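A short worksheet on the structure shown next.
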Amino acid sequence: MGAEADCTARLNGRTVAGKARLETEALEFRGADLNLSIPFKSVTKVSVRGDSLNIAHAGGRVTLEIGQSASRWADKILHPPSRAKKLGVKPEWKASALGVDDKEFLKELDQSVALLSIGRVTKDSDAIFLGATREADLKQLEKLKASIKPDGAIWVIRPKGRPEISERTVMAAGKAAGLVDVKVVGFSPTHTAEKFVIPVAQRKR
């Protein structure tokens, strides 16, 4: 989701200043001496009182002083968008997935598109989802570019916090392949997805 806010967290009689962030499947809070990660599936109750977002979950209770966006955050926690929706997936798409080992996502993707090829690239794909865990995996980008439609996209799905395949590394590989990065989303609590497309001026019909 990517929404974030500077706020204070109150729990167990403590008040800690920090930053809260809504990820794809979890609410995270990072403070000086407090780090929280609350999966949406563990949340049992969400309520809003003024600027306060109150969350009851499997690990206890916490109140975040979010401000005027408290109600919007509550709605996103209770009704998170699917990953397919976040990635702009459309029902008429032909899609391909390479190196993606997230079975839940592959199942969701298969149910969301007209055609999904796993492990093999379909010519004229509307989107290719490339799972990358090391820099060498990114060498495929230039070849994969030839398999997407002119207005298609390649999504690189990579683990977070891995210096050997950092955001800078992925962006550089996309540029070297003649692609431009247009979007970054939180794919899961452990992975990030970056979207690359062919520059408009170079698209051929």
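Coordinate-derived values only; no laboratory data. The model shown is predicted, which means the values in this text are computed figures rather than measured ones. For neighbour counting, all protein chains shown are included, and Cβ atoms are generated from backbone atoms with ideal geometry for every residue, glycine included.
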Q.
At 0.36 nm per residue, and after removing the present C-alpha to C-alpha distance, how many nm does the segment from K143 to A17 gain when stretched out fully?
A. 40.6 nm
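Any idea what the relative contact order of the chain is, in percent, if you count C-alpha pairs under 8 Å spaced at least 6 apart?
On the way: 407 pairs, mean separation 29.1, N = 205.
That works out to 14 percent.
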Q: Please name whichever of S47, C7, S69 sits farthest to the positive end of the charge dipole of the chain, dipole taken about the Cα centre and charges placed at Cβ: Lys and Arg +1, Asp and Glu -1.
A: S69
Q. Using only the Cα atoms of region 4-78, what do you get for the radius of gyration and for Dmax, in Å?
A. 10.8, 29
Q: Give the whole-number value, in cubic angstrom per residue, of the convex hull volume spanned by the C-alpha atoms of region 1-145.
A: 141 Å³
Q. Taking K123 as the anchor, which lysines have their alpha carbon closer than 19 Å to its alpha carbon, excluding any fewer than eight residues away along the same chain?
A. K90, K94, K139, K143, K145, K149, K195, K204
Q: Putting +1 on Lys and Arg Cβ atoms and -1 on Asp and Glu Cβ atoms, find which of S37, G60, L22 reaches farthest to the positive end of the dipole of region 4-78.
A: G60
Q. In which sequence would K195, K45 go, from the one with the fewest C-beta neighbours within 10 Å to the one with the most?
A. K45, K195
Q: Treating only the Cβ atoms of Lys and Arg (+1) and Asp and Glu (-1) as charged, compute the dipole magnitude of the chain about its Cα centre; round to the nearest 20 debye.
A: 340 debye
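Stretch A176-K85 to full length: gain in nm at 0.36 nm per residue minus the Cα-Cα span?
Taking A176 through K85 to full extension adds about 29.9 nm, to one decimal.
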(Q) Quick check: residue separation of R162 and T190 times 0.36 nm, minus the Cα distance between them. What number comes out in nm? (A) 9.0 nm
Q | About the Cα centre, charge dipole magnitude for region 79-170 (Lys/Arg +1, Asp/Glu -1 at Cβ), debye | A | 80 debye
Q. Equivalent-ellipsoid semi-axes (√(5λ), Cα gyration tensor) for region 114-205, whole Å, largest first?
A. 21, 15, 12
Q. For the chain, what is the mean residue ellipticity at 222 nm derived from helices alone (per DSSP H run of n ≥ 4: -39500 (n - 2.57); sum divided by total residues; nearest 500 deg cm²/dmol)?
A. -5000 deg cm²/dmol
